[in-house]
Amino acid sequence: MQKRLDKIQGLIDEGYNLEKKFGFPVLKTSEGKSKSVGGINSPTGFSWIGFFFPFVVCTQIREWSYFYINGIILIVISLVSLKLNLSSDLYTGSQVGIGVMYGFYYPYLRYLANEKGIKEIPILISIFLGIILTFLCALPSAIIDSIAEL
């Protein structure tokens, strides 16, 4: 992780600006043009920890937007599935997509948290709290799905 954070610091030293917009990291050149933080050309690469455990790492760095985004996506999928009578494969696809997204975003979010001096939550507490928060953000979607089955 330190190599990724050093790469971000190198970009900042070159004149790039890193900020969050709607909970997502945005890297901008000194001219104000956005540079992609995700995908094949991502300057920091892909974090497998961010992919497999976004609920833990986002809890650890107090990045609560992960839970808002995840909850909103699950609600939208529930409503779309209800309206179009689709299968639950959309849930799996959305969770893989969110994992990929946070696999790329995690180094940037961690850098921003470090820069703001946010005190990290210990890892063991982050695991349990992350599971509870994930359950809570999925609860509205589960309620919609259970009502739809009636």
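A few notes on this one:
- Subset tally (residues that are in contact (Cβ under 8 Å) with a residue 12 or more places away in the chain, aliphatic (A, V, I, L, M) and more than 10 Å from ILE61 (Cα to Cα)) for region 91-117: 3
- Counting the residues of region 25-48 that are touching a residue at least 12 places away in the same chain (Cβ under 8 Å) and open to solvent by 60 Å² or more (accessible area, probe 1.4 Å) gives 3.
- Residue among GLY50, GLY32 that alone is modelled with pLDDT under 90 and more than 20 Å from LEU136 (Cβ to Cβ): GLY32
- Evaluation of MET101 against (1) under 19 Å from the mean Cα position of the chain (by Cα); (2) over 17 Å from ILE49 (Cα atoms); (3) among the hydrophobic types (A, V, I, L, M, F, W, C) (one fails), failing number: (2)
The values are calculated or read from the model by the stated rules, or taken from the named source; none is laboratory data. Predicted model, so just to flag it, every value in this text is computed and none were measured. Every residue, glycine as well, gets a Cβ built from its backbone with ideal geometry; the counts of neighbours run over all protein chains shown. Keep in mind that these areas ignore ligands, DNA and RNA; they rest on the heavy atoms of the full protein, side chains included. Shrake-Rupley method; radii C 1.70, N 1.55, O 1.52, S 1.80 Å.
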